[in-house]
Amino acid sequence: DQQVKQNSPSLSVQEGRISILNCDYTNSMFDYFLWYKKYPAEGPTFLISISSIKDKNEDGRFTVFLNKSAKHLSLHIVPSQPGDSAVYFCAAYPNSGYALNFGKGTSLLVTP
Amino acid sequence: SQTIHQWPATLVQPVGSPLSLECTVEGTSNPNLYWYRQAAGRGLQLLFYSVGIGQISSEVPQNLSASRPQDRQFILSSKKLLLSDSGFYLCAWSSQGGNSPLHFGNGTRLTVT
């Protein structure tokens, strides 16, 4: 049962434009959300997180938005760069849980 | 700073052979440790996690097992590999306490033939 869903398997964006990656979740007990970036043949690297008590968190070019009522979060990358081309995973922790639940990932391609 | 080492990077094993993947963490004490698997076309699936030496929780029934013989060592094993065990295996650690980001190793690409 996939509790974290990334419904777009791939996304292509031009360099300099905004990339928006979306994520939906079904478990209302999730209270902490993270985004990871993964290059081929490497482990995922942590990008940015957001707690359920917030609706926005920024770190440089990366901003994560959380809409709890819609059980939806998104990652905005502005401006997009070719080096951002990677697979992005959305993940969520349930409160008082250890198991980080991952989505299936969205492959982002940033073209020059 | 903390580092995580995972080996080997790639492994080709015949069906029915045993498996041992090792992961060690440096620069932190008493971490939570995790084994994830990424199968082709699928997301990251949690296999095992450990909050302390000798404490292993299994998330998915399978023919794999995990052990934590030392505080910063986590081992993934199988007595007899199946074709379906092929995938990309990732070890990760996090700090104790809730809502800590996981930090992943570079993974092991396992192909069972």
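The values are calculated or read from the model by the stated rules, or taken from the named source; none is laboratory data. Predicted model, so just to flag it, every value in this text is computed and none were measured. Please note: Cβ atoms are built from the backbone with ideal geometry, for glycine as well, and neighbour counts cover all protein chains shown.
Against the numbered list (1) within 10 Å of chain A (Cβ to nearest Cβ); (2) surrounded by 14 or more Cβ atoms within 10 Å (Cβ to Cβ); (3) under 29 Å from A:I50 (Cβ atoms), B:C23 comes up short only at (1).
Within the set A:G83, A:G43, the sole residue that is free of Cβ contacts under 8 Å to residues at least 60 places away in the same chain and either at the interface with chain B (Cβ under 8 Å from one of its Cβ atoms) or part of a loop (DSSP other than H, G, I, E, B) (or both) turns out to be A:G43. Selection of first residues in segment B:47-63 that are farther than 15 Å from B:C91 by Cβ and of second residues that are modelled with pLDDT of 90 or more and acidic (D, E), restricted to Cβ pairs under 7 Å at least 6 apart or on distinct chains, gives the following pairs, ordered by first then second residue: B:I53/B:D71.
Would you check which residues across segment A:93-112 are of a type in the set (A, V, I, L, M, F, W, C) and facing chain B (nearest Cβ under 10 Å) and list them? Correct list: A:A99, A:L100, A:F102.
Residue-by-condition table, conditions (1) at pLDDT 90 or above; (2) in contact with a His (Cβ under 7 Å, 6 or more places away or on another chain); (3) at the interface with chain A (Cβ under 10 Å from one of its Cβ atoms):
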{"site": "B:L11", "(1), (2), (3)": "yes, no, no"}
{"site": "B:P18", "(1), (2), (3)": "yes, no, no"}
{"site": "B:N32", "(1), (2), (3)": "yes, no, yes"}
{"site": "B:Y36", "(1), (2), (3)": "yes, no, yes"}
{"site": "B:R42", "(1), (2), (3)": "no, no, yes"}
{"site": "B:L46", "(1), (2), (3)": "yes, no, yes"}
